[in-house]
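J.: Okay, here's the structure, questions in a sec.
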Amino acid sequence: MTGSPVTTENVDPLAGVRAPGDPACDVYLTGTVFLDIIFTGLDSAPVRGTESWARGMGSSPGGVANMATALARLGLRTSLAAAFGDDKYGEYCWETLERGEGIDLSLSRTVPGWHSPVTVSMAYEGERTMVSHGHEAPVSEALPGPPPARSCVASLRAGAPQEWIAAAARAGSRVFADTGWDDTGAWDLAALPDLAHCEAFLPNAAEAMRYTRTDNPRAAARALTEIVPLAVVTMGAEGAYAADGRTGETAEVPAILVEALDTTGAGDVFVAGFVTGTLAGWPLGDRLALAGLTAALSVQEFGGSLSAPGWDEVAAWWRRVRDLTPADGRLAASLDRYGFLSGLLPEPAHPWPRRRAVPTLGFRALP
């Protein structure tokens, strides 16, 4: 009997490494889900006392949902533990993530009487400004601990250790972590004790250099391998650099230069791409390449979870690059660096580019 044909909608990047007895979950994460409302196409920052009109708008689950969506769209079996507001915003976010993206929400909870956190993001001149509102979910609504999983993704906060990270690592999960800006200004790695339980740490260049007191991101990555086995430092338009302290291997991949519409969630997409390649057992350079490619595709769309590319977008981009001749310019040079995609991707179902964004919370079903 012939199986179903492989399409970009059912690519399993871990097909070659799955075995009987493996955890049902590929990646677990927890955090706060926001409702994101994104305005793009602003000519400048809003001016006090005036009204600004945006040429584009999108609505989507945000916060930790950005990372969860990015992972799920790359074919990873994703489990999210989060509190959801007991309102229409929370209902929309839950339905979008569970039914629309196939994310397992069995460890999540709807909190009675608690409203969803909201973020309004405004993108202009390559920058973004955000306004958020929300309250902590009631402590009594504690979420379950992490399930058996191949991996976990954590966002580290200075001075705020998270017990679940150590528990996940003890259970055999590979923990990938990023971090945010240290508002205390201390930039002390000792304030990130959960790094001891992580396999990989993926800060941006500014964060990495401050934490390591180095003057360039490559030196920062190498210094971080004294704390965590694998360090990946994102360098914006310069690309990304990774150092593996266990093997001494390093890799660097330049960024794909694109016109950015909105950078919201690009860091989450990068991490998702790197996690996918790592779990699949790819070489370090290929992992960086996929992470950078998916991040580049994401900034050409607006929103966080709205913009996360799936294999359909990756395949459409790859077909476009393959069709270029050397005379067609910069993208033709990608044939060598991204050749590993040929063995993974079938023909895309949709032409390049594919757009996902919608401007509203959801349309009524037509009769």
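The values are calculated or read from the model by the stated rules, or taken from the named source; none is laboratory data. This one's a predicted model, so the numbers in the text were calculated from it and none came from an experiment. Note that each Cβ is placed from the backbone with ideal geometry, even for glycine, and that neighbours are counted across all protein chains shown.
J.: Looking at (1) within 27 Å of Ala160 (Cα to Cα); (2) within 24 Å of the chain's Cα centre (by Cα); (3) crowded, with 16+ Cβ neighbours inside 10 Å, which is the only condition Ser106 fails?
T.: (3)
J.: For the stretch 45-59, indicate whether the set of residues that are crowded, with 24+ Cβ neighbours inside 10 Å, part of a strand (DSSP E or B) and touching a Ser or Thr at 6+ places or on another chain (Cβ under 7 Å) is non-empty.
T.: Checked against the condition, which is being crowded, with 24+ Cβ neighbours inside 10 Å, part of a strand (DSSP E or B) and touching a Ser or Thr at 6+ places or on another chain (Cβ under 7 Å), the stretch 45-59 yields no hits at all.
J.: Could you tell me which numbered condition Trp181 fails, if it satisfies all but one of (1) farther than 22 Å from Ser79 by Cβ; (2) in contact with a Leu (Cβ under 7 Å, 6 or more places away or on another chain); (3) in a loop (DSSP other than H, G, I, E, B)?
T.: Every listed condition holds for Trp181 apart from (2).
J.: Could you tell me whether the stretch 163-181 includes any residue that is more than 23 Å from Ala242 (Cα to Cα), more than 17 Å from the chain's Cα centre (by Cα) and surrounded by 17 or more Cβ atoms within 10 Å (Cβ to Cβ)?
T.: Yes, that holds for at least one residue.
J.: So is Ile256 surrounded by 19 or more Cβ atoms within 10 Å (Cβ to Cβ) and either aliphatic (A, V, I, L, M) or over 25 Å from Thr294 (Cβ atoms) (or both) or not?
T.: Spelling it out, Ile256 is indeed surrounded by 19 or more Cβ atoms within 10 Å (Cβ to Cβ) and either aliphatic (A, V, I, L, M) or over 25 Å from Thr294 (Cβ atoms) (or both).
J.: Being in contact with a Leu (Cβ under 6 Å, 6 or more places away or on another chain), part of a loop (DSSP other than H, G, I, E, B) and either of a type in the set (D, E, K, R) or touching a residue at least 12 places away in the same chain (Cβ under 8 Å) (or both) is true for just one of Ser106, Ser116. Which residue is that?
T.: When all the criteria are applied, what remains is Ser116.
J.: Before we move on, is Ala272 within 18 Å of Gly75 (Cα to Cα), small (Gly, Ala, Ser), assigned to a helix (DSSP H, G or I) and not assigned by TED's automatic domain parsing to the domain that holds Leu74?
T.: In short, no.
J.: From Arg213, Arg222, grab the single residue that is modelled with pLDDT of 95 or more and over 18 Å from Leu284 (Cβ atoms).
T.: Exactly one residue qualifies, and that residue is Arg213.
J.: When you look at Gly339, is it assigned by TED's automatic domain parsing to the domain that holds Thr278 and modelled with pLDDT of 60 or more, yes or no?
T.: Criteria not met by Gly339.
J.: Right, something else. From the list Ala251, Ala221, Ala169, Ala206, which one is part of a helix (DSSP H, G or I), of a type in the set (Gly, Ala, Ser), in contact with a helix residue (DSSP H, G or I) (Cβ under 7 Å, 6 or more places away or on another chain) and under 23 Å from Ala289 (Cα atoms)?
T.: Only one candidate qualifies: Ala221.
J.: I'm checking my understanding of the structure. Among residues of the stretch 231-248 that are of a type in the set (A, V, I, L, M) and out of contact with any Gly (no Cβ under 7 Å at 6 or more places or on another chain), which one is farthest from Asp178 (Cα to Cα)?
T.: My answer is Ala237.
J.: I'd like to know if the stretch 84-100 contains one or more residues that are in the same structural domain as Ala68 (by TED's automatic domain parsing), in a loop (DSSP other than H, G, I, E, B) and within 21 Å of the chain's Cα centre (by Cα).
T.: Scanning the stretch 84-100 turns up no residue that is in the same structural domain as Ala68 (by TED's automatic domain parsing), in a loop (DSSP other than H, G, I, E, B) and within 21 Å of the chain's Cα centre (by Cα).
J.: Could you check how many residues of the stretch 25-44 are outside any strand (DSSP E or B) and either without any contact (Cβ under 8 Å) to a residue 60 or more places away in the chain or farther than 27 Å from Pro161 by Cα (or both)?
T.: Summing the residues that are outside any strand (DSSP E or B) and either without any contact (Cβ under 8 Å) to a residue 60 or more places away in the chain or farther than 27 Å from Pro161 by Cα (or both) in the stretch 25-44 gives 4.
J.: Being closer than 30 Å to Glu347 by Cα and either surrounded by 14 or more Cβ atoms within 10 Å (Cβ to Cβ) or not assigned by TED's automatic domain parsing to the domain that holds Ile103 (or both) narrows it down to one residue among Leu42, Leu14, Leu35, Leu29; which is it?
T.: After ruling out the rest, the residue left standing is Leu14.
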